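Each value in this text was obtained by applying a stated rule to the coordinates, not by laboratory testing. The structure presented is a predicted model; accordingly, all values stated were derived computationally and were not measured. Ideal geometry is used to build each Cβ from the backbone, glycine not excepted, and the neighbour counts take in all protein chains shown.
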Amino acid sequence: MATAEGQQHPLSIYFWIWGLLFLFSAFSYATDFLPDGFVRTGLILLFMVLKAGFIIAIFMHMAWERHALIWAILGPPALLLFLIAILAWEGDYTVLTRLDFFSEPLAPAGLEH
């Protein structure tokens, strides 16, 4: 009778990751006590990305996959984030250009009534 051979992961790694996810969730909820602003938003996004990364890497077994499969799954979202960043940067330029060309010109000095 043939035995199926496969990769076995120790259960302790899953318990450690579960504990880290619990800790990151607690930190994420603790940000509710911080004042609104960039620090709070940045911490929330950081904890969100860390939790998603651990879930993808360990519970979806991506840490043990081949690099080609990892890039096939994570490459398109990374490319989209890069393109969104370029669009946001260009949007800033576009807004400043429109404000410069379509706003009312300032009266030259000495011509005020």
Q. Working from the pairwise distances between different alpha carbons, so that the mean of 1/r is found and then inverted, what is the chain's Kirkwood radius in Å?
A. 19.3
Q: Sort 16, 89 so that the residue with the fewest other Cβ atoms within 10 Å of its own Cβ comes first and the one with the most comes last.
A: 89, 16
Q. If we count other beta carbons within 10 Å of each Cβ, what is the order of 99, 46, 21, fewest first?
A. 99, 46, 21
Q.
Below 8 Å, C-alpha to C-alpha, sequence gap of six or more: please give me the relative contact order for region 10-64 in percent.
A. 40
**Q.** Helix axis angle, 11-30 relative to the chain longest principal axis, alpha carbon, degrees
**A.** 30
Q. Ranking 86, 70 by Cβ neighbours within 10 Å, fewest first, what do you get?
A. 86, 70
